[in-house]
Structure formats: structure tokens, C-alpha cells
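Starting off with a structure, shown below.
The values are calculated or read from the model by the stated rules, or taken from the named source; none is laboratory data. Just so we're clear, the structure is a prediction, and the values are computed from it rather than from any experiment. Reconstructed Cβ throughout: ideal geometry from the backbone, glycine too, with neighbour counts over all protein chains shown. Remember, those area values only see protein heavy atoms, side chains included, never the ligands or the DNA or RNA. Shrake-Rupley method; radii C 1.70, N 1.55, O 1.52, S 1.80 Å.
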Amino acid sequence: MESHIQIFDTTLRDGEQTPGVNFSFDERLKIAKQLETWGVDILEAGFPASSTGSFKSVQAISNTLTQTAVCGLARCKKSDIDAVYEATKDAVKPVIHVFIATSPIHLTHKLKLTQEQVLESIKEHVTYAKQYFDVVQFSPEDATRTESDFLIKCVQMAVDSGATIINIPDTVGYSYPNEYGQIFKTLFEHIKTNQDIIYSAHCHDDLGMAVANSLAAIENGATRIEGTVNGIGERAGNTALEELSLALYVRKDHYGNETRLNLSETKNTSDIISRYAGIRVPRNKAIVGQNAFSHESGIHQDGVLKNPETYEIMTPQLVGIRKNDLPLGKLSGKHAFAEKLKSLGYDIEPQNQVDLFKQFKAIADKKKSVTDRDIHALIQGSEHEQNAIYQVETLQLQFVSNGLQSAVVVIKDKHGKLYQDSSIGTGSIVAIYNAVDRIFKHKSELIEYRIDSVTEGTDAQAEVHVSLNIEGHPVNGIGIDHDVLYASCKAYVEAHAKYANEIQNKERNHHAF
């Protein structure tokens with residue numbers, strides 16, 4: 001394709017603003033690599049001025065990606081622009097995204113600025129950014145609630161000052177398709193410039209219209225779409241990029257253009273974000289949900305058996321959902337296990353497969369058959385434990401009916417040092433969590449506890465997600481095991497480990513400066 005709809009992925013910036021989502025440094029780097037594999041054109045890696053952690057993360061991503069443009073967010077503030085420059089200067093394609101609010105409600109209640117002051121700020125800061133970046137993107141925040149005349153003035157000022165990408169954010173998900181599309185049409189008609197300007201759409205899903213609005217923008221000239229994997233983001237989230245990209249692919253007869261995404265990596269990308277964010281993809285979620293290619297109705301089943309196209313407008317393989325063509329069980333050997341890892345897209349050195357194979361055999365001894373989803377859970381669980389600075393060593397429980405339960409927890413740090421404590425509670429999980437809190441000596445509050453079954457059946461593995469507030473700081477943890485209580489302990493310890501790791505990093509950064 002000579003031209004295509006560009007994909008601007010903001011999973012690591014806007015997506016991480018999802019309540020309760022807090023990716024670790026290592027998780028951000030892995031996500032960035034996967035997004036490059038998926039084929040996004042530009043990755044908004046973070047907001048460097050917001051924290052030392054965000055700065056270092058954006059810097060690491062800039063130094064790692066080899067093809068994808070890396071973007072940093074900045075307010076109309078010179079110190080923000082300087083931070084983006086320092087964090088992205090070694091990227092293969094550095095980009096800055098400068099924004100300022102333009103709607104009456106934001107000007108009056110948040111910025112307390114006049115329209116003239118906003119225009120002066122746009123001129124000053126876009127011009128300043130242009131000194132350091134060949135590509136400057138400008139966004140008038142809350143554009144869809146900004147008066148049309150003033151929006152045109154803001155965009156014209158940004159273009160005159162050197163911006164070559166104009167993003168129109170539907171910041172609060174207020175607009176509807178015809179209205180949102182008309183904004184782009186109006187800008188094309190009124191903005192005067194000799195440069196080629198890329199118009200981009202950034203939609204939120206408060207009214208459930210983010211994807212529809214993004215498609216309306218394309219119908220009216222937008223050539224770039226901003227969004228997140230699985231649609232995560234503030235409040236109801238952002239445009240779901242997997243839905244947008246498949247809509248363009250399946251209905252290219254109408255839109256006449258597609259993305260350059262490697263669609264076969266879609267499901268894998270979705271699964272990674274789901275696990276690291278701790279947000280399960282709904283079964284009925286378009287494209288990547290468990291039911292997206294399932295057929296319950298007898299009439300539907302009959303039609304699909306005769307010709308899949310009767311009820312499927314795309315194949316599961318298109319988005320990377322593969323059928324299990326190599327069943328694994330307790331009699332499977334190392335070679336079959338290695339081939340399965342390869343078929344699922346994992347590139348793991350043989351020496352690193354030894355412990356994984358032992359874990360696989362332990363699962364196979366307890367299950368009738370081991371599915372692809374079991375293998376994915378095994379790999380993800382192993383990655384979590386390998387990267388954790390604390391791990392569960394042993395868990396001992398005493399259950400008494402109609403009484404208090406007791407738990408003894410032993411954890412081990414990455415240097416092999418053991419820590420142990422015990423506690424009681426009204427239930428086994430409460431007792432476990434009280435014991436872990438005593439070990440770490442932190443005041444914590446359990447915000448969310450969720451158990452997901454990795455597969456169906458009574459022999460399924462349990463995947464436990466917890467969200468904690470530790471000393472006022474939100475953290476997530478995941479634990480996977482056949483035993484629900486052991487998985488629950490793993491998840492809680494991982495959350496504490498993440499918090500401990502962040503505290504250590506802050507202390508190192510403090511001493512460094």
C-alpha cells in the first residue's frame with residue numbers, strides 16, 4: 001500500500017491511566033517490543049515530565065525499538081518539552097506530542113486562561129518544540145467541546161508554528177460520528193498551509209462510540225488513529241485498536257484503506273496487555289474475546305460446518321487464534337513441548353525450557369489435557385516469578401470449621417534470603433494476606449480480588465488478580481496455580497514485591513540526583 005491509516009498506540013500512556021493499572025518498568029519494555037512486532041506506526045511511550053520512572057521508561061523504549069517512532073507527551077510547558085527531548089533523543093524516530101485544553105469549561109475552571117492566552121501559549125511552545133523535533137504533534141484537548149471558530153484558530157496557530165500532525169481529541173467521549181467527522185471536514189476546508197498535515201483522531205468511549213467516531217474521522221480525511229489495545233484507558237477507555245484495524249480490513253470495500261498492522265499478532269498482543277494490566281477481556285469482546293469465534297446455536301453450527309463464511313466474516317487465524325493441532329498431556333516429551341512453544345510464538349532457548357518443562361509436567365499430572373491457554377498461563381506465570389524480587393517459598397494452612405483460620409507464609413527474595421510470619425483471619429485468604437502484610441510491614445488495603453479460570457473444567461488452573469493500595473499507592477499482582485489459595489498468595493506477594501521494587505528505585509534515583 002502506498003498510503004495507509006497510521007496507528008498511534010497510546011497503551012503505555014493513556015492506557016496506563018486506567019484506574020488500578022500500573023505497568024512495571026520491565027512490563028512497559030516488553031509491551032513496547034510487542035507493539036513494534038504488531039506493527040504500530042508510532043508508540044506514545046509516556047509522559048516523561050510526570051515522574052522519574054516515566055522518564056526512564058520512555059528513554060529505555062527509545063533506546064530499544066528499531067523501527068517504530070517513539071513519542072512523548074508534553075504540556076505547553078518548556079520543561080515538559082525538554083524532558084521529552086532528553087527521553088526520546090536516541091529514538092530511531094523521535095516525536096513530541098504537545099497539548100493544551102481549548103474548551104470553555106477547561107479554560108474557565110482548569111487553566112483560568114483567556115482564548116488569547118491559549119493562542120499565545122500554542123505559538124510559543126510549538127515553536128519551541130520545533131527547535132528540537134522534526135515531527136511535532138499538537139492536540140487541542142477537549143476539542144469536541146470547543147467552539148468551531150476558536151478550534152480553527154488554535155489549529156491554524158499550531159500549523160503556522162511548525163506542527164505537522166494535528167490530533168483532535170474527543171477527550172470525554174462526548175461526540176457522535178456525524179458530528180466528529182464534520183470537525184475534520186471543517187478543518188480541511190479552513191486550515192491554510194503549504195505543508196502536508198496529518199490529521200489524527202483520539203476518541204474516548206464514554207458513550208460507547210470511540211471506534212465509530214474514529215471510523216467517521218477516516219471517512220472525513222483523517223489518516224491516523226490513536227487508541228489502545230483492548231480499549232483500556234481513563235474511565236470507559238479509548239478506541240480499541242484491534243477493533244478499528246479489523247473493521248478497516250474487513251470493510252476495505254468501503255474505507256479503501258487499511259493499517260500496516262501484522263493482524264496475526266492481534267490476539268497475542270491483546271493477551272499480553274490483559275495479563276499485565278490485570279484486566280480480563282470480556283468473553284463477548286469483538287475480535288479478541290473468547291466467544292468472538294464461538295457458535296452455540298445449532299443453526300449457526302450447521303452453517304459454519306458447511307461453510308465458515310455463513311457466520312464468520314473473518315477467520316480466527318487472521319487475528320492469531322490458532323487451533324490446538326498438537327495435544328499435550330502427561331506422556332508428552334520435551335520435543336513436543338518445545339514444538340508447542342514454537343507454534344505459539346515463543347522463542348525460548350533450550351536451557352531456559354528446563355524449568356518450564358518441569359512445571360508443564362506438574363500441570364499435566366493434574367489435568368486430562370494441557371491446552372494452549374494453559375501454556376500461555378505457564379509462560380506468563382514463569383515470567384512474573386522470574387522477574388519478581390520476592391517469591392512464595394512455602395504456604396501452610398490450618399482450617400477449622402466455624403473458627404478462625406491460620407496461615408504460615410514463607411517468602412524468598414532474589415538473593416535467597418527467607419522471610420516468615422504467621423497470622424489468623426476469618427477465612428484462609430484473609431489469614432494468608434495478614435501474614436504477608438506482617439512480613440512486609442506495610443499498611444495495605446485490598447481493593448479488588450478476582451479469580452479467573454485459565455481453562456474450563458474442574459481441573460483448570462486458577463489465575464488470581466489482586467489490586468492493592470499500599471501506603472496510598474495502587475499496585476496489581478497476578479498468581480497462577482492449580483491451588484486457588486496458593487495462587488492467591490502468589491498474587492498478593494507479587495503486588496507487595498512490585499511496591500517494594502518501586503520504593504527501591506525511588507531511593508536509588510534520589511541518591512543518584
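If you take the square roots of the eigenvalues of the alpha-carbon gyration tensor of region 402-500 and sort them as a ≥ b ≥ c, do you get rounded (a/c under 1.5), prolate (a/b over b/c) or oblate?
Details: a/c = 1.44, a/b = 1.27, b/c = 1.14.
Rounded is the answer for region 402-500, as its axis ratio a/c remains below 1.5.
If r is the Cβ-Cβ distance from GLN353 to THR310 and R0 is 60 Å, what FRET efficiency results, to the nearest 0.05?
Values: r = 42 Å, r/R0 = 0.69.
My answer for the efficiency is 0.90.
Over the Cα atoms of the chain, compute the convex hull volume and normalise it per residue, giving Å³.
Values: hull volume 93.5 nm³, N = 513.
With only Cα atoms used, the chain gives 182 Å³ per residue.
For THR66, project a label point 7 Å along Cα to C-beta. Then give me every residue of region 8-37 with its amide nitrogen under 14 Å of that point.
33-34, 36-37
Assign unit charges at the C-beta atoms only (+1 for Lys and Arg, -1 for Asp and Glu), then state the dipole size of region 119-175 relative to its Cα centre in Debye, rounded to the nearest 20. Write out the running numbers ahead of the final one.
Working: 4 positive and 9 negative charges, 21 e Å.
Here region 119-175 has a charge dipole of around 100 debye.
Could you state how much accessible area VAL484 has, in square angstrom rounded to the nearest 10, with a 1.4 Å probe and all protein chains kept in place?
The value for VAL484 is about 60 Å².
Ignoring ligands, DNA and RNA, what percent of the accessible area of the chain is carbon or sulfur (1.4 Å)?
Numbers: 12060 of 24050 Å².
Carbon-and-sulfur percentage of accessible area, whole number: 50.
Rounding to the nearest 20 debye, state how big the charge dipole of the chain is about its Cα centre with +1 on each Lys and Arg Cβ and -1 on each Asp and Glu Cβ. Intermediate results must be reported in sequence, preceding the final value.
Values: 52 positive and 67 negative charges, 215 e Å.
I would put it at about 1040 debye.
Moving to a separate point now. Looking at region 399-479, which trypsin sites (Lys or Arg not before Pro) are in a loop (DSSP not H, G, I, E or B) and have at most 13 other Cβ atoms within 10 Å? Can you show the working numbers first?
On the way: sites: LYS412, LYS414, LYS417, ARG438, LYS441, LYS443, ARG450; in loops: LYS414, LYS417, LYS441, LYS443.
The qualifying sites are LYS414, LYS417, LYS441, LYS443.
Here's another thing I want to ask about it. Report the gain in length on full extension from ASN262 to LEU397: 0.36 nm times residue separation, minus Cα-Cα distance, nm rounded to one decimal. All intermediate terms of the calculation are to be shown ahead of the outcome.
Details: separation 135, 0.36 × 135 = 48.60 nm, distance 4.77 nm.
Stretched out fully, the ASN262 to LEU397 stretch lengthens by 43.8 nm.
Would you be so kind as to identify all helices of the chain, as entire DSSP H runs, whose Cα atoms reach 24 Å or more along the helix's own axis and whose mean Kyte-Doolittle hydropathy is at least -1.0?
Length and hydropathy pass: 484-512.
Measuring from the lowest to the highest alpha carbon on each principal axis, how far does region 119-199 reach, largest first, in angstroms?
37, 24, 19 Å, listed from the longest principal axis down.
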